């Protein structure tokens, strides 16, 4: 798999046009970024932004729907990770990972955990068990070396004294460190850490920073990490990639990212109501398991945003659109009716072919009705409806069967419009708004 | 064609019995994630109860109308088998709840061995034949297809029970409690559901359906022996897995499928290999549809 | 400080009332449970019709036993609770010197077992009759060496083989007996048709069984948890049904008889000038073959144990255990879980095949009867009752379960108690089943619930059972 052209020797991992769909839900949409060799790259973003999904694609646990993941090893070998099975990625491409919810072998001792990680070299030296079983000295030596290596890492993570205790018996912080050490025992060139600082206190978090910097300094391993703890991210990472709803919204040094208005909006601008809305949707989709609903929540969130911003693909290339978007999202969070004025300009071009028959290019008189008054429509759906040219109650009231289907397609609902009887609700509201003008209503809601 | 239809009817009859037993497996699996290996023997016990009730009626009362006799057999068998199942759950499974996953499996296997041998010890090892209860049948006009009345009884009783059962699970408080325990036992307990009682009731309900299946089996074949729990039990379990274990409609669908496969295989190929066919189809289906026909796919969380 | 609630004096009173109530409930429950199945007995008369016999006396006994037992249990509950507390403290102090050396003592006992039996029998003969006759001890030992020694060791070997699959790799296999059958039939068929010797067929049977393990394992290892269990059960049944129905080759339920015996380096165990007894100048006896078989199965079982112990310290063994703990983590560490599972399946199957060919050589006869699901269940029960992964625990479980039920055959004196109609053998499997339940409820993790680590840095400490997982497959 040695490549003929090496575009960028300094990048260990290139993620190009990565997309991941679960059924109709888009978890990652056309993601591009690079992780530099020997650097610590952080992947941040709000909950449900698709960070772990990116990890799962890199480490082969998910097969991406589209895109290319190129890993270039120190020796120049290139691997296309999306084509490899998960264990081969660790074995050949030398990518190791940890998990968000720690996955240690809790019934094995700390030492054994580290020995399991050296499975592949030990398998070779034991002649695929045959030589080892017969007691050949090669294996005996290799086994002793493996224990030495484990001891090295145990000293690094300060757990030598507990080497013979079951891993499940360790305190939480130690388990996190052990998982990192275990991943390091596979001798990776790229170490992927999924929220290594989650649940750690300030001191442990500082120790972790030191450990990661140590790892990089001593082994030259490149690190890709997902983190929520900004103190970790800002302190140790060389490069930060910010994801929101499956798309990259920012990419640069920690300082650059910190001051990026889009990032600030992404972190501050999420309304609670949207979350409630998503839970409702999850229920409507027939998910009765709470955890599954939460999973769906994240993926659905991505889906919605992706649907809502079809133009968002190369964000950096269209500054105007991006600015408008930030403005609108800010405005949304502030709940100012003024914001609606920006909507048509940003989205008029985006009215899709799948829109309903009575779509308008913009709200009549510049003032859309407050569609969220209809039970079942939340701010997200309102935005979507607006993008598809639906601004007024009477428009919904006039929907025919085909329109309902069209609307359900872009809202990704099945039968919910009929079930919640939006049309009847809209008729009622349309009538009311004729009696009482709509602006007052929105004013009242404020 | 007529032959095919005839065999399909036979298959459906058999499948109904498997379906009734399979519900017991699938409910218990759904709620506590355990393979209740003793369920086949509970079914056998139900058939024995029905047999004894029948003999008692014949000995002490004499000429009881067939419908009444069948009804009495079913009811007594249901009540007593339910009681048995309740006791079994209480003694052998409840103490192990929340412990090691394989422990209840082993007690279930032990219970299966104990039950069949208990019946052997108390009732003797020989087959127990009873005189045919329901005779005759109807021939569909213009064809040679016959439906025996006993087959009709089986299909009708199964249909009625399934309807009642569907109502119980979907429309009653008990059913809701069951479904909530299935989703998250701890949370259900926190919300005030009496989990232990719900689980007990699940066992009782499964056993009652098995008792009816036992009665129908006795009526259909006219003979029962203490070893008769194992094969229908394994077939019913196969049916439950085939349909997607944990799914109630799946259990019925799986039961009918297994019945059909058996009947048609014996009709067209070889009767000796009918069980091989049923098990092979199970293996093949699971290899391509790892969570059964109607089961919820297991999502691997990373 | 005055007591807020004074319940002390009422305690015993309420305990008695409670016990009485519970006892009555238990009695009523027993009445309901047993009224039909015990109260009546069905028997065929001369015309093959069922007739009903009433047994109210027996039913009363059942009900009374249930009521009294429940009463006693409830009544003594507080006292037992108290005793448990004090006992626990003592237990902690107990030295484990015996436990530590138990495997060695046990091993030594196993090696001298046949001679021990012969000596004891001869001594008792001498004691009772005053005649010293070593030969009578030899003759008498047949039963003990065969029914107890060989029988138990076959199960020990099978359970150790299954332990690799269930105990180490955490894959629930309910059809293990299929590999036992493959081993037995490959020996039976190849030896009767081609006349191959035992020593050639023993490894071949192992290889065949392992191949079958891979063939059956490959499609199903994708399945998780109980789906794997049911498919392995199905495969076990399929193999048994094929053995029954493929009469042209397997002779169906009649089985294959006249299978050649094993030889000791070419020395056959036959009466006559070339036989083992004649060569050593011993009187002719079937016991020598049994003693030979005893040592053969002992060595085979020890081979299983040795391989298991060695494998646990190899990367593959650790990968098995890691697989049991967390499959996803295994894959993230570059372990090919499919081949790892397959090797576990194949290794376990191979030992099953060895045991099977030994079984065929010992019996001289194989039939599908010996390979029913119950056997798989019993072997699995040994693994779980012994404590998954623990060789010593499993051996103890096998010895107790098989030895215990064999012992029941010996209890002739019970006939004197319960009358001549009483056949203890009838109760053998009933008690077996009940014992399984009782032991499991008493010790859910098995006799040895803890796990020996495969490597250590400072000190080998056992891992408590509460940390180990049991696998999903």
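The values are calculated or read from the model by the stated rules, or taken from the named source; none is laboratory data. Predicted, not measured: the structure shown is a model, and the values here were computed from it. We place every Cβ from the backbone using ideal geometry, glycine too, and count neighbours over all the protein chains shown.
Tabulated data
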quantity: Selection from segment C:382-404 of residues that are modelled with pLDDT under 85 and within 11 Å of another protein chain (Cβ to nearest Cβ); calculated: C:387, C:388, C:389
quantity: Selection from segment A:393-436 of residues that are assigned to a loop (DSSP other than H, G, I, E, B) and modelled with pLDDT of 70 or more; calculated: A:398, A:399, A:400, A:421
quantity: Among the residues listed as C:217, C:195, C:213, C:206, the single one being assigned by TED's automatic domain parsing to the domain that holds residue C:349 and on the phi > 0 side of the Ramachandran plot; calculated: C:195
quantity: Residues of segment C:34-67 classified as facing chain B (nearest Cβ under 8 Å), buried (at least 19 other Cβ atoms within 10 Å of the Cβ) and in a loop (DSSP other than H, G, I, E, B), total; calculated: 1
quantity: Qualifying residue in segment C:316-324 (condition: facing another protein chain (nearest Cβ under 7 Å), touching a strand residue (DSSP E or B) at 6+ places or on another chain (Cβ under 9 Å) and touching a residue at least 12 places away in the same chain (Cβ under 8 Å)); calculated: yes
quantity: Residue within segment B:261-275 that is touching a residue at least 12 places away in the same chain (Cβ under 8 Å), in a helix (DSSP H, G or I), within 12 Å of chain C (Cβ to nearest Cβ) and over 17 Å from residue B:39 (Cα atoms) present; calculated: yes
quantity: Qualifying residue in segment B:56-74 (condition: in contact with a helix residue (DSSP H, G or I) (Cβ under 6 Å, 6 or more places away or on another chain), buried (at least 19 other Cβ atoms within 10 Å of the Cβ), touching a residue at least 12 places away in the same chain (Cβ under 8 Å) and facing another protein chain (nearest Cβ under 10 Å)); calculated: no
quantity: Restricting segment B:282-302 to residues that are within 20 Å of the chain's Cα centre (by Cα) and more than 7 Å from every other protein chain (Cβ to nearest Cβ), the residue that is modelled with the lowest pLDDT; calculated: B:295
quantity: Verdict on residue A:155 being facing another protein chain (nearest Cβ under 10 Å) and without any contact (Cβ under 8 Å) to a residue 60 or more places away in the chain; calculated: no
quantity: Any hit, segment B:122-145, residues being closer than 30 Å to residue B:5 by Cα, within 14 Å of chain C (Cβ to nearest Cβ) and touching a strand residue (DSSP E or B) at 6+ places or on another chain (Cβ under 7 Å); calculated: yes
quantity: Unmet criterion (only one of (1) in contact (Cβ under 8 Å) with a residue 12 or more places away in the chain; (2) more than 12 Å from chain C (Cβ to nearest Cβ); (3) out of contact with any strand residue (DSSP E or B) (no Cβ under 8 Å at 6 or more places or on another chain)) for residue A:145; calculated: (1)
quantity: Given (1) over 30 Å from residue B:51 (Cβ atoms); (2) at pLDDT below 90; (3) in a helix (DSSP H, G or I), index of the condition residue B:229 fails; calculated: (1)
quantity: Positions within segment B:115-150 being touching a residue at least 12 places away in the same chain (Cβ under 8 Å) and under 21 Å from residue C:429 (Cβ atoms), in sequence order; calculated: B:115, B:116, B:117, B:119, B:120, B:123, B:125, B:126, B:127, B:128
quantity: Residue that is nearest to the other protein chains (Cβ to nearest Cβ), among those in segment A:116-142 that are surrounded by fewer than 22 Cβ atoms within 10 Å (Cβ to Cβ) and assigned to a loop (DSSP other than H, G, I, E, B); calculated: A:129
quantity: Residues of segment B:89-103 satisfying the condition of being touching a residue at least 60 places away in the same chain (Cβ under 8 Å) and either farther than 25 Å from residue B:181 by Cβ or at the interface with chain C (Cβ under 8 Å from one of its Cβ atoms) (or both); calculated: B:101
quantity: Complete set of residues in segment A:72-100 that are more than 14 Å from chain C (Cβ to nearest Cβ) and in a strand (DSSP E or B); calculated: A:72, A:77, A:78, A:80
quantity: Residue match in segment C:329-346 (condition: away from chain A (no Cβ under 14 Å), more than 24 Å from residue C:222 (Cα to Cα) and at pLDDT 85 or above); calculated: no
quantity: Residues of segment C:359-390 satisfying the condition of being assigned to a helix (DSSP H, G or I) and out of contact with any helix residue (DSSP H, G or I) (no Cβ under 6 Å at 6 or more places or on another chain); calculated: C:363, C:369, C:370, C:373, C:374, C:378, C:380
quantity: Candidate set from segment A:197-243 (those that are assigned to a loop (DSSP other than H, G, I, E, B) and in contact with a helix residue (DSSP H, G or I) (Cβ under 7 Å, 6 or more places away or on another chain)); member that is surrounded by the fewest Cβ atoms within 10 Å (Cβ to Cβ); calculated: A:199
quantity: Pairs, first touching a residue at least 24 places away in the same chain (Cβ under 8 Å) in segment C:36-52, second assigned to a loop (DSSP other than H, G, I, E, B), C-beta under 9 Å, six or more apart; calculated: C:38/C:55
quantity: Residue B:5 part of a helix (DSSP H, G or I), away from chain C (no Cβ under 14 Å) and over 17 Å from residue B:254 (Cα atoms); calculated: yes
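Residue-wise test of (1) surrounded by fewer than 24 Cβ atoms within 10 Å (Cβ to Cβ); (2) in a helix (DSSP H, G or I); (3) within 10 Å of another protein chain (Cβ to nearest Cβ).
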position	(1), (2), (3)
C:205	no, yes, no
C:209	no, yes, no
C:215	yes, yes, no
C:231	no, yes, yes
C:236	no, yes, yes
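Each row is one residue, and each column tells you yes or no for (1) under 14 Å from residue B:29 (Cα atoms); (2) within 14 Å of chain A (Cβ to nearest Cβ); (3) touching a strand residue (DSSP E or B) at 6+ places or on another chain (Cβ under 9 Å); (4) free of Cβ contacts under 8 Å to residues at least 24 places away in the same chain.
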position: B:160; (1), (2), (3), (4): no, no, no, yes
position: B:163; (1), (2), (3), (4): no, no, no, yes
position: B:168; (1), (2), (3), (4): no, no, no, no
position: B:172; (1), (2), (3), (4): no, no, no, yes
position: B:179; (1), (2), (3), (4): yes, yes, no, yes
position: B:182; (1), (2), (3), (4): yes, yes, no, no
position: B:190; (1), (2), (3), (4): no, yes, no, yes
position: B:194; (1), (2), (3), (4): no, no, no, yes
position: B:200; (1), (2), (3), (4): yes, no, no, no
